[in-house]
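Undergrad: For reference, the structure I am asking about is given below.
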Amino acid sequence: MPKILVIEDESAIRRVLVKILSEENDTYILEEAEDGLKGLEAIKNNDFDLVLCDIKMPKMDGVEVLEAARKIKPEIPLIMISGHGDLDTAVNTMRLGAFDYISKPPDLNRLLTTVRNALDRKELVVENKKLKKKVSKNYEMIGHSKEISLIKDMIEKVAPTDARVLITGSNGTGKELVAHWIHEKSQRSGESFVEVNCAAIPSELIESELFGHVKGAFTSAVRDRAGKFEAANKGTIFLDEIGDMSLSAQAKVLRALQENKISRVGTDKDIKVDVRVVAATNKNLKKEIEEGRFREDLYHRLAVILIEVPALNDRRDDIPLLIEYFSDKITSEQGISPKTFSDKAIKLLKGFDWTGNIRELRNVVERLIILGGKEVTEEDVKLFASK
């Protein structure tokens, strides 16, 4: 249940805000603070999903609360409440990190829409921060082959820039891993990494998923909803399997890249976004362009930097390192005693035709760890991993 703090020194306005929010959604947990000092103390000692904060208050004004809150709980969105004379200050708070501002007396629809959007944003930020903590362990680039070394060198050069990157390669080669590394080594690493699998989202829903929608835009749109581009603002959006995106969605993505603006489904209102786009595909996009399934202008916007991830068959020298890495990871995750692979077992695995690439290798290693002996032998490979 969303927990909201209202910081407002005028008791009448504070009661109105609390009443409006409680009537809008009876699941909101609402707390009040009558000045900035008490408000900041409440922020320090509680986990709020949203704070509404007046600007002009005794003891500590709203700007001071905002600056302090951004340091101690940067993930909490703050909506500033401004009187007519505070408008310039309210606009300035946006530069300091406020989510938005509401003028007094509060307009009902504007207030509720802003609150919903802020809560959506908080949920997405928290979710992505949780995922981000797992990046270092789950997205290591394993290998010293010439092919992988070239990719690592390219990432070192490209990551610090805002250049768009198109990653190509067969399924299971590790395109997602490359995208994560680009983000991790970029100046945006402290912000969200938002992943969208374009192939997994029905074509009729992809635009809503990317750009959000307003209430009533379609049958199931029961409330305003922020899209992935908004969630990735200041960070990186990874458009995986972009070759499967519908032409209408491609047109909107192209506009977002050209103008740094998006509009939610059901409205023409522009929303400015600052997003780095990294895309990936297992398709030949030039062939898709020839056959009318992919926009050539979008291709050229995306493919500023091209990174081709090699198939596992083209980097066999990395297989022993990958086996060791997966073995350690799987035994740790499953609480199994550490296992080793004999030299003959590794040699046999190196000779396999890995059509499923790294993903297939991981599955085979897991099977051998579960079914093989304390040392996985050549016989174990022949018995449990024959191809």
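Undergrad: Report, for the chain, the % of DSSP beta bridges that are antiparallel, rounded to 5.
TA: Working: 3 of 40 bridges.
Of all bridge pairs located within the chain, approximately 10 percent are antiparallel.
Undergrad: Nearest 5 percent is fine: what portion of the DSSP beta bridges confined to the range 134-310 is antiparallel?
TA: Once the DSSP bridges in the range 134-310 are tallied, antiparallel ones form about 15 percent.
Undergrad: What do you get for trypsin sites (Lys or Arg not before Pro) in the range 298-376 restricted to DSSP loop and a cutoff of at most 16 other Cβ within 10 Å of the site's Cβ?
TA: Those satisfying the criteria are K374.
Undergrad: Okay, moving on. With the contact rule set at Cα under 8 Å and sequence spacing of 6 or more, what percent relative contact order holds for the chain?
TA: So the answer I get is 13 percent.
Undergrad: Right, next: Which chymotrypsin sites (Phe, Trp or Tyr not before Pro) in the range 148-218 pass both tests, a DSSP loop state and at most 15 other beta-carbon atoms within 10 Å?
TA: On the way: sites: W181, F193, F211, F218; in loops: F218.
The qualifying sites are F218.
Undergrad: Under 10 Å, Cα contacts only: if you run a Gaussian network model on the chain, which one of L40, L348, L124 comes out with the highest mean-square fluctuation?
TA: Highest fluctuation of the listed residues: L348.
Undergrad: Based on DSSP H runs of at least 4 residues, each adding -39500 (n - 2.57), what is the mean residue ellipticity at 222 nm of the chain after dividing by all its residues, to the nearest 500 deg cm²/dmol?
TA: Calculated from helices alone, the mean residue ellipticity at 222 nm is -14000 deg cm²/dmol.
Undergrad: Once both labels are modelled 7 Å past Cα along the beta-carbon direction, what's the K283-K56 spacing in nm?
TA: Here the modelled spin labels are 5.8 nm apart.
Undergrad: Taking loop as defined by DSSP and a crowding limit of 13 other beta carbons within 10 Å, which trypsin sites (Lys or Arg not before Pro) in the range 226-264 fit?
TA: Numbers: sites: K228, K234, K252, R255, K261, R264; in loops: K234, R264.
Passing both the DSSP loop test and the Cβ count: K234.
Undergrad: Suppose a student asked you for the relative contact order of the range 134-310, using Cα pairs under 8 Å spaced at least 6 residues apart; what percent would you report? Intermediate values should be presented prior to the final figure.
TA: On the way: 310 pairs, mean separation 54.4, N = 177.
It rounds to 31 percent for the range 134-310.
Undergrad: Once you have the Cα-Cα distance between K344 and R359, take 0.36 nm times their residue separation minus that, and quote the gain in nm to one decimal.
TA: Residue separation times 0.36 nm, minus the Cα-Cα distance, leaves 3.2 nm.
Rule-based calculations on the coordinates, nothing more; no lab input. Bear in mind the structure is a predicted one, so any value in this text is a computation, not a measurement. Neighbour counts are summed over all protein chains in view; Cβ atoms, including those assigned to glycine, are modelled from backbone coordinates with ideal geometry.
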